Amino acid sequence: MGKSYGLYLAYFFQSLIALNAVYAFIIGEYHEMFTAILMFGLTVVPYVAAQRLKIHLPWFVFLLIALALWFHTAGYVQGYYITFYPYYDKIAHIVSGMTIALLGFLGVIFLDKYMKMNLTPVFIIFFTIIFGVALGAFWEMYEFLVDIVFGGNLAGPMQNGLEDTMLDMIFTLGGSVVVAIIGVFWFRHHRKEEITRSVATS
């Protein structure tokens with residue numbers, strides 16, 4: 001996994017997540033501290049997975065994951081969800097939608113290769129969108145349960161009515177569609193096998 005400026009930018013956002021965990025500890029918001037620690041741990045997962053599977057993931061995969069998790073961490077710990085409501089939340093859902101969809105796009109291509117599924121590019125693009133929206137729906141369920149069980153978090157209620165939830169889903173869909181459109185243009189000039197060859201170790 002060669003170093004690049006994009007990868008260092010991913011490290012930067014990981015550091016910001018860690019700093020948010022420290023800040024939450026200092027102000028005594030231990031629930032938010034554990035959330036930030038969890039988010040930081042999730043940013044490490046792709047590095048470990050790439051090493052264990054002996055693959056070279058593109059730098060923008062690490063960056064998008066770190067950026068998406070930083071958005072949510074800072075939104076809770078720093079109160080950006082309230083300060084910049086509703087724009088911050090919607091941008092966070094677009095970035096999250098793009099991140100999840102990208103992981104779904106790469107994941108289904110690897111499954112296609114190693115399980116010899118012979119999936120068509122059309123199916124892969126369709127799956128990319130559905131995967132992003134499905135995980136976005138699970139996130140909204142998580143927010144709903146946190147509000148019901150804990151009464152929200154440091155930034156207040158995680159959901160602000162039906163309209164807010166539906167807009168979150170729409171922006172998540174938008175992020176997924178962006179990745180799908182990029183995938184469509186990519187498939188016009190490349191074959192899916194090129195992705196698995198490009199990330200495989202020599």
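The values are calculated or read from the model by the stated rules, or taken from the named source; none is laboratory data. Fair warning: this is a prediction, and the values are worked out from it, not measured in the lab. Counting neighbours? That spans all protein chains shown, and the Cβs are built from the backbone with ideal geometry, glycine included.
The residues listed here are I65, I148, I94; of these, the one that is modelled with pLDDT of 90 or more and not assigned by TED's automatic domain parsing to the domain that holds E32 is I94. Remark: pairs (first residue in the range 178-202, on the phi > 0 side of the Ramachandran plot; second residue at pLDDT 80 or above and exposed (fewer than 12 other Cβ atoms within 10 Å of the Cβ); Cβ separation under 9 Å; 6+ apart in sequence or on different chains) are absent.
The one condition from (1) under 22 Å from A36 (Cα atoms); (2) surrounded by 15 or more Cβ atoms within 10 Å (Cβ to Cβ); (3) aromatic (F, W, Y) that Y142 does not meet is (2).
The residue that is nearest to Y88 (Cα to Cα), among those in the range 151-166 that are modelled with pLDDT of 85 or more and surrounded by 16 or more Cβ atoms within 10 Å (Cβ to Cβ), is D164.
Restricting attention to the range 69-76, does a residue exist that is free of Cβ contacts under 8 Å to residues at least 24 places away in the same chain and either at positive phi or not basic (K, R) (or both)? No, the range 69-76 contains no residue that is free of Cβ contacts under 8 Å to residues at least 24 places away in the same chain and either at positive phi or not basic (K, R) (or both). Would you be able to say whether some residue in the range 20-35 is within 27 Å of L173 (Cβ to Cβ) and within 14 Å of the chain's Cα centre (by Cα)? The answer is no, given that none of the residues of the range 20-35 is within 27 Å of L173 (Cβ to Cβ) and within 14 Å of the chain's Cα centre (by Cα). Provide a single number: the residues in the range 82-97 that are surrounded by fewer than 23 Cβ atoms within 10 Å (Cβ to Cβ) and either over 20 Å from A24 (Cβ atoms) or among the aromatic types (F, W, Y) (or both). So the answer is 9. Does A50 meet the test of being touching a Gly at 6+ places or on another chain (Cβ under 7 Å), free of Cβ contacts under 8 Å to residues at least 60 places away in the same chain and surrounded by 17 or more Cβ atoms within 10 Å (Cβ to Cβ)? The answer is no for A50.
Looking at L69, is it within 15 Å of the chain's Cα centre (by Cα) and over 20 Å from E140 (Cα atoms)? The answer is no for L69. Only one entry of Y88, Y114 meets the criterion of being more than 16 Å from the chain's Cα centre (by Cα) and hydroxyl-bearing (S, T, Y), and that entry is Y114.
When you scan the range 82-94, do you find a residue that is out of contact with any helix residue (DSSP H, G or I) (no Cβ under 8 Å at 6 or more places or on another chain) and not hydroxyl-bearing (S, T, Y), even just one? Yes, the range 82-94 has at least one match. With respect to Y30, determine if the residue is in contact (Cβ under 8 Å) with a residue 40 or more places away in the chain, farther than 15 Å from S96 by Cβ and among the hydroxyl-bearing types (S, T, Y). No; evaluated as a whole, the condition is false for this residue.
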